[in-house]
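As structure tokens, the structure follows; a few thoughts come after it.
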């Protein structure tokens with residue numbers, strides 16, 4: 001899951017970035033509206049965390065620009081403006097959630113997980129495909145009810161694939177979900193993570209679409225067979 005943080009407070013931004021990386025989010029950060037628009041136009045993230053008090057443009061106006069450009073993914077407003085009028089204005093302009101400062105990082109993470117579920121159209125924190133279950137709250141994988149240990153990148157990659165069951169994910173898309181800007185990525189990083197995951201999962205659970213990417217096909221229900 002690729003998150004863009006638009007925040008000009010360096011201390012706050014650094015704290016959010018560290019916490020989110022610790023909780024297996026790939027997060028990038030810009031400090032002004034101009035750079036945020038560039039990202040939206042060239043490499044749209046899955047979720048935006050948007051501060052309203054930016055140095056070059058009001059956050060609400062920037063949000064309008066996002067929506068006018070066709071950016072439909074979730075936007076969580078993060079701001080010191082906590083009046084009801086400000087909240088209503090932000091939500092009316094296209095925000096999906098509103099978190100006033102100061103805030104607890106655990107609440108921010110919980111709200112982001114809820115937005116993730118909305119994106120992936122899952123109704124539960126646990127994604128279950130056949131005998132494989134991934135709890136996105138605890139980051140715990142179980143196969144046939146047995147707990148399986150995952151490295152950080154393995155968890156992020158498996159979650160990305162399970163959330164998009166039946167949809168092919170290209171290597172480029174998966175890299176964007178696993179790595180933030182500036183992180184060194186080897187040419188076969190995704191392939192290596194896939195290799196390690198396959199050792200921990202049922203045979204054929206992750207399928208390769210040659211020349212395209214990877215897919216996890218959701219099991220058919222007995223009624224549909």
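Does residue 120 satisfy the condition of being at pLDDT below 90 and under 14 Å from the mean Cα position of the chain (by Cα)? Yes. Any idea which of 158, 201, 150 is more than 17 Å from residue 26 (Cβ to Cβ) and surrounded by 13 or more Cβ atoms within 10 Å (Cβ to Cβ)? Answer to the check: 201. Among residues that are within 20 Å of the chain's Cα centre (by Cα), within 18 Å of residue 179 (Cβ to Cβ) and modelled with pLDDT under 95, residue 73 is not included. Within the stretch 131-154, one or more residues are within 23 Å of residue 43 (Cβ to Cβ) and out of contact with any strand residue (DSSP E or B) (no Cβ under 8 Å at 6 or more places or on another chain).
Test residue 110 against the criterion of being touching a residue at least 24 places away in the same chain (Cβ under 8 Å), in the same structural domain as residue 17 (by TED's automatic domain parsing) and either under 23 Å from residue 139 (Cβ atoms) or not in a helix (DSSP H, G or I) (or both), and give yes or no. It is false that residue 110 is touching a residue at least 24 places away in the same chain (Cβ under 8 Å), in the same structural domain as residue 17 (by TED's automatic domain parsing) and either under 23 Å from residue 139 (Cβ atoms) or not in a helix (DSSP H, G or I) (or both). Residues of the stretch 160-214 that are part of a strand (DSSP E or B) and within 20 Å of residue 113 (Cα to Cα): none at all. For residue 136, the conditions (1) under 14 Å from the mean Cα position of the chain (by Cα); (2) closer than 11 Å to residue 197 by Cα all hold with the exception of (2). Here is a list of conditions, (1) closer than 21 Å to residue 207 by Cβ; (2) buried (at least 19 other Cβ atoms within 10 Å of the Cβ), and residue 111 meets all of them except one; can you say which number that is? It fails just one condition, (1). When the test is whether a residue is part of a helix (DSSP H, G or I) and either assigned by TED's automatic domain parsing to the domain that holds residue 39 or surrounded by 11 or more Cβ atoms within 10 Å (Cβ to Cβ) (or both), residue 141 does not pass it.
The values are calculated or read from the model by the stated rules, or taken from the named source; none is laboratory data. Given the structure is predicted, the values throughout are model-derived calculations rather than measurements. Reconstructed Cβ throughout: ideal geometry from the backbone, glycine too, with neighbour counts over all protein chains shown.
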